[in-house]
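The values are calculated or read from the model by the stated rules, or taken from the named source; none is laboratory data. Please read these numbers as outputs of a predicted model, since none were measured by experiment. Because the Cβ atoms are built from the backbone with ideal geometry, glycine has one as well, and the counts that use them run over all protein chains shown. Ligands, DNA and RNA are stripped out before the accessible areas are found, and what is left, the full protein with its side chains, is counted by its heavy atoms. Shrake-Rupley method; radii C 1.70, N 1.55, O 1.52, S 1.80 Å.
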Amino acid sequence: MSQNTVKKSLQTESLPFVIRCVRSEEELVKAVAIRKSAYGRHLPELATRFSAPEASDLDGSSRVLVALSKLDGMPLGSMRFRTNQHQPLDVEQSVTLPESLRNRVLTEATRLAVSQAAVGRMVKAMLMKAMFLQCEAGGVDCMVAAARSPMDRFYQWLYFEDVFPGGDFVPMAHAGMIPHRVMKCDIAVTKRRWVEVDYPWYPLFFETRHPDIELVPMMATDSSSSSAADSRSGFAAAGRRAPR
């Protein structure tokens, strides 16, 4: 079956929100607001810390995804990710990744936060879909996530596996010493596994086209490609004023 035939067979579904890479200061403020709100519900001590953009939001090393309501533009969810192409992942400040993950193109998902409203569950699913598709398009081998309890069960449900035997929770020096479970997801392997087990999100991720998800992959190549992708996102370097 040709690639064009596969694309034509996809059903198209509209969402009540859009997901895109942050491309203005206003959108970054909204991403930070939903992050502060979500983390504040579970870890009130972190609410103040997340009340302003972090260095990784501003230095051009990461992509920040934001979900915005079509109705009023309010933020419904956010996630940040970056690859290990040009600097270590955040989690590597606290743990040494095993040999099996070295010399592989990795991306780390951080700051996943969604609204407490009913739409929050769909927003979380679509943020993860955007992450999967951008990893595929950008040539990323494996996703890594450090998850606190009970968020680790969500990643386990997605077929993420433990990086370290036993699934122990490790205090993260870069996250206030809060224990996290370090997990991984080989993109190609997980996609095949989802087919084998008839995973309920497979049709949603790979057989449904969502035009409201705007993909701008972080290319897993050289620094020039990464810089080009950064320029397309419209909000890359610290101190750069983005167009409103």
Completion exercise
Heavy-atom accessible area of region 1-143 with neighbours in place, 1.4 angstrom probe: carbon+sulfur share in percent works out to 51
Exercise for the section: Using only the Cα atoms of region 133-214, each taken as one equal point scatterer with no solvent, compute I(q) by the Debye sum, divide by I(0), and report log10 of the ratio at q = 0.16 Å⁻¹. Expected result: -0.71
Exercise for the section: Can you send over the solvent-accessible area of K36, 1.4 Å probe, protein chains only, in Å² to the nearest 10? Expected result: 90
Problem - Ranked packing of 74-80, 22-28, most packed first, by mean Cβ within 10 Å - result: 74-80, 22-28
Exercise for the section: Lys and Arg at +1, Asp and Glu at -1: add these up for the other residues within a Cβ distance under 15 Å of S51 and post the number. Expected result: +3
Fill in the blank from the handout: Rounded to the angstrom and largest first, Cα extents along the principal axes for region 31-137 equal 44, 33, 23
